[in-house]
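Colleague: Okay, handing you the structure first.
The values are calculated or read from the model by the stated rules, or taken from the named source; none is laboratory data. It should be emphasised that the depicted structure is a prediction, and the values quoted were computed from it without experimental measurement. Here the Cβ positions follow ideal geometry from the backbone for every residue, glycine too, while neighbour counts run over all protein chains shown. Just so you know, the surface numbers come from the protein's heavy atoms only, side chains and all, with ligands and any DNA or RNA stripped out. Shrake-Rupley method; radii C 1.70, N 1.55, O 1.52, S 1.80 Å.
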Amino acid sequence: MQIIPRVKGTQDFIDNRLFRFIINQFQEHISLYHFTEVSTPIIEQVELFKRTLGTFTDVVSKEMFLIKAADKEDALCLRPEATAPTMRAFLEVQPLTPWKVYSYGPMFRYERPQKGRFRQFHQINVEVIGSSSISQDALLITMLDRFFQEKLNIQSAALQINFLGSYEDRARYAEKLKEFVSALDGICDTCIVRKEKNILRVFDCKNPTCQKLYENAPIMIDHLSSASQKEWEQLQKELTLLSVTFSINPRLVRGLDYYNKTVFEFVSAQLGSQNAFCGGGRYDRLANELGSKQEYPSLGAAIGIERLMLILEPIIDSLSLPQPKPLYVVMPLSSEQNPLALLLVDTLHAADLTVDTFLDGDSLKSMMRRANKMGAAYALILGDEEQQNKTVLVKNMMTGDQEQIKQIEVAQYLKK
Ligand code: HAM
């Protein structure tokens with residue numbers, strides 16, 4: 001019989017230390033900005049994403065993992081992102097605004113797997129719901145920038161920003177862009193569809209012919225209303241004031257439909273073609289798209305944890321990953337000593353020491369070899385003699401020195 005392999009586009013995290021480090025560092029960092037942690041379900045109604053991300057986006061049209069529930073009443077799916085679910089939760093509970101929250105967990109998109117692109121991946125998701133001030137955008141971007149640069153020591157990242165204007169600006173601009181694209185000869189089939197369904201996404205086309213053709217396309221920031229222009233300038237000024245380095249990418253539109261005004265991505269050349277490891281922006285009408293009568297202008301971002309790990313792996317030594325505590329291994333020389341080993345282990349755990357034990361009746365030689373491989377600091381050997389004398393043979397794995405210590409004094413001895 002064959003061993004069943006893992007599902008394509010998924011990963012087993014066999015060593016979770018870097019993942020855990022990222023989450024811990026982020027929690028520490030974002031608590032300074034007064035965000036609280038929330039968590040929403042992994043399954044949601046498909047309609048939640050259709051209404052918010054846009055029916056014609058790749059995520060909704062091609063990448064949803066649909067679930068057949070037993071009663072087949074509702075069409076359910078695995079969440080492809082966390083912004084729409086967070087807004088749904090907000091509208092259900094109606095907490096005080098601005099609601100500043102973060103969450104982390106798995107997301108699911110049926111994409112073609114490649115470096116940094118998975119079908120099950122993980123995001124840290126941050127949202128500020130119910131705040132219209134563009135200064136809030138500057139603050140959120142600064143929070144992320146400080147996290148990457150100062151907390152994680154990433155030097156290879158670049159921040160790209162763009163401004164999509166109000167929904168009205170965006171609609172006006174979309175018309176202009178459509179006129180421009182309609183007059184072109186030789187765009188690819190995907191762009192022909194995008195032109196009709198989601199014109200801004202033509203800029204995401206990877207086809208070199210299309211890219212060349214779009215070089216002279218009108219750009220959004222040249223078509224902002226005067227109110228939007230003011231906000232765009234304010235954002236740049238405030239980022240500069242806070243010493244956040246950015247470049248303007250007028251073709252950055254992002255793959256989800258809910259954005260207006262600010263959009264941004266943190267990219268790294270280390271990642272190859274999937275170069276964005278964090279993306280976000282403002283989404284002032286998402287609440288209304290979910291049925292709210294009241295407006296809740298909002299913004300947020302998500303960090304792709306797998307991509308962040310790809311960036312951090314080469315510089316892992318520069319990070320202060322927590323060092324494991326010294327390991328003590330209790331070795332009963334025969335099953336006769338197992339009950340005593342269990343008691344000793346329990347006593348040492350109560351003294352807050354990290355203790356493992358071998359209970360499967362190996363020879364002392366092979367137990368010592370295993371303990372060595374595990375990086376144990378001390379072996380605690382229990383044989384007939386120790387059992388009778390109420391002692392433990394404590395062996396220092398580094399020096400080889402050994403000493404008989406009274407069982408009741410072992411914890412104290414090791415703590416010293
Ligand atoms: P997104 O740009 O679709 O935005 O995803 C954010 C990040 O998740 C990406 O920059 C990337 O690092 C990571 N990511 C996306 N797809 C994959 C994948 N298939 N494999 C590995 N990593 C991936 C959002 O999801 C928005 N909800 C962000 C947001 C929050 N906007 C406002 N609030």
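Colleague: Would you list which lysines come within 27 Å of residue 72, measuring only between C-alpha atoms, while excluding same-chain residues fewer than 8 positions from it?
Modeller: Straight-line reach from residue 72, under 27 Å: 8, 50, 62.
Colleague: If you average the alpha carbon positions of region 91-168 and of region 1-34, how far apart do those two centres end up, in angstrom?
Modeller: 17 Å
Colleague: How much net charge surrounds residue 321 when only the other residues with a Cβ under 12 Å from the Cβ of residue 321 are counted, with Lys and Arg +1 and Asp and Glu -1?
Modeller: On the way: positive: 17, 20; negative: 15, 313, 317.
That sum, taken over residues with Cβ under 12 Å, equals -1.
Colleague: Taking the Cα centre as origin and putting +1 on Lys and Arg beta-carbons and -1 on Asp and Glu beta-carbons, what dipole magnitude results for region 1-113, to the nearest 20 debye?
Modeller: Details: 14 positive and 14 negative charges, 55 e Å.
Result for region 1-113 is approximately 260 debye, rounded to the nearest 20.
Colleague: So what is the 222 nm mean residue ellipticity for the chain from helices alone, if each DSSP H run of at least 4 adds -39500 (n - 2.57) and you divide by all residues, rounding to the nearest 500 deg cm²/dmol?
Modeller: -10000 deg cm²/dmol
Colleague: Moving to a separate point now. Among 22-32, 96-106, what's the highest-first ranking by average C-beta atoms within 10 angstrom per residue?
Modeller: For the peptides 22-32, 96-106, the packing ranking is 96-106, 22-32.
Colleague: Rank 144, 321, 393 by mean-square fluctuation in a GNM of the chain with C-alpha springs under 10 angstrom and give only the top-ranked residue.
Modeller: In this elastic network of the chain, the residue with the biggest mean-square fluctuation among 144, 321, 393 is 393.
Colleague: What does the convex hull of the Cα atoms come to per residue for region 14-108, in Å³?
Modeller: 134 Å³
Colleague: Mind checking which of 292, 380, 271 is farthest towards the positive end of the chain's charge dipole, using Cβ charges of +1 (Lys, Arg) and -1 (Asp, Glu) about the Cα centre?
Modeller: Of the options given, the answer is 271.
Colleague: Determine, from the Cβ-Cβ distance of residue 176 and residue 15 and an R0 of 51 Å, the FRET efficiency 1/(1 + (r/R0)^6), rounded to the nearest 0.05.
Modeller: So the FRET efficiency works out to roughly 0.50.
Colleague: Mind checking the angle between helix 167-182 and the chain's longest principal axis? C-alpha axes, 0 to 90 degrees, to the nearest 10.
Modeller: 70 degrees
Colleague: Along its three principal axes, how long is region 1-60 when you only count alpha carbons? Whole Å, largest extent first please.
Modeller: Computed over region 1-60, the largest-to-smallest principal extents equal 48, 40, 19 Å.
Colleague: Another question, if that's okay. What number does region 112-259 give for Rg over Rh if you use C-alpha atoms and the Kirkwood radius? Can you show the working numbers first?
Modeller: On the way: Rg = 17.3 Å, Rh = 17.5 Å.
Result for region 112-259 is an Rg/Rh of 0.99.
Colleague: Based on alpha-carbon centroids, what's the gap between region 47-73 and region 284-350 in Å, whole number please?
Modeller: Distance between centres, Cα-based: 30 Å.
Colleague: State, as an integer percentage, the relative contact order of the chain based on alpha-carbon contacts under 8 Å between residues 6 or more apart.
Modeller: Over the chain, the number comes to 15 percent.
Colleague: Carbon and sulfur atoms: what percent of the 1.4 Å accessible area of region 149-211 do they account for? Please report the intermediate quantities before stating the final value.
Modeller: On the way: 1540 of 3260 Å².
Roughly 47 percent, rounded to a whole number.
Colleague: Counting each pair of different Cα atoms once, what's the Kirkwood radius of region 202-348 in Å, rounded to one decimal?
Modeller: After inverting the pairwise mean of 1/r, the radius is 20.7 Å.
Colleague: Also: State the volume of the convex hull built on the alpha-carbon positions of region 267-416, expressed per residue in Å³ and rounded to an integer.
Modeller: Convex hull of Cα atoms, per residue: 235 Å³.
Colleague: Still on this structure, please answer the following. Under a GNM of the chain (C-alpha, springs under 10 Å), which listed residue has the highest mean-square fluctuation: 287, 89, 75?
Modeller: 75
Colleague: Moving on. Taking just the C-alpha trace of the chain, give me its Rg and Dmax in Å.
Modeller: 28.0, 94
Colleague: To the nearest 10 degrees, how steep is helix 134-146 against the longest Cα principal axis of the chain, on a 0 to 90 scale?
Modeller: 40 degrees
Colleague: Which residue, 340, 316, 368, has the largest displacement toward the positive end of the dipole of region 313-372 when charges sit on each Cβ (Lys, Arg +1; Asp, Glu -1)?
Modeller: 368
Colleague: Quick one: plug the Kirkwood hydrodynamic radius of region 73-157 (C-alpha pairs) into Stokes-Einstein at 37 °C, 0.692 mPa s, and report D in µm²/s.
Modeller: Values: Rh = 15.3 Å.
Stokes-Einstein gives a translational diffusion coefficient of 214 µm²/s.
Colleague: Moving on. Translational D (Stokes-Einstein, µm²/s) of region 359-416 at 25 °C and 0.890 mPa s when Rh comes from the Kirkwood sum over C-alpha pairs?
Modeller: For these conditions, the coefficient is 204 µm²/s.
Colleague: Kindly provide the pair-distance distribution of region 29-176 built from C-alpha pairs, with 10 Å bins from 0 and whole-percent values in order of increasing distance.
Modeller: 9, 30, 38, 21, 3, 0
Colleague: Let me ask something else. Based on alpha-carbon positions alone, could you give the equivalent ellipsoid semi-axes of region 296-378 from the gyration tensor, as √(5λ), descending, whole Å?
Modeller: So the equivalent ellipsoid measures 41, 18, 12 Å along its semi-axes.
Colleague: Put a dot 7 Å past each Cα toward the Cβ at residue 230 and residue 1; how far apart are the dots in nm?
Modeller: Placing both labels 7 Å along Cα→Cβ, they lie 7.1 nm apart.
Colleague: With Cβ to Cβ distances under 9 Å as the rule, what net charge do the other residues near residue 116 carry (K, R +1; D, E -1)?
Modeller: It works out to a net charge of +2.
Colleague: Listed here are the pairs 100/178; 325/390; 115/230; which of them are more than 30 Å apart at the Cα?
Modeller: 100/178; 115/230
Colleague: Which value, in debye to the nearest 20, gives the size of the charge dipole of the chain about its Cα centre, when Lys and Arg are +1 and Asp and Glu are -1 at the Cβ?
Modeller: On the way: 48 positive and 51 negative charges, 169 e Å.
Using only the charged Cβ atoms, the result is roughly 820 debye.
Colleague: Highest GNM mean-square fluctuation, the chain, Cα pairs closer than 10 Å: which of 158, 377, 171?
Modeller: 377
Colleague: Top to bottom by accessible area (1.4 Å), largest first, where do 406, 261 land? The partial results should precede the final answer.
Modeller: Details: 406 115, 261 30 Å².
Order by accessible area, largest first: 406, 261.
Colleague: Excluding ligands, DNA and RNA, what is the solvent-accessible area per residue of the chain at a probe of 1.4 Å, expressed in Å²?
Modeller: Value returned for the chain: 52 Å² of accessible area per residue.
Colleague: DSSP loop GluC sites (Glu not before Pro) in region 271-360 with at most 15 other Cβ atoms within 10 Å of their Cβ, which ones?
Modeller: 295
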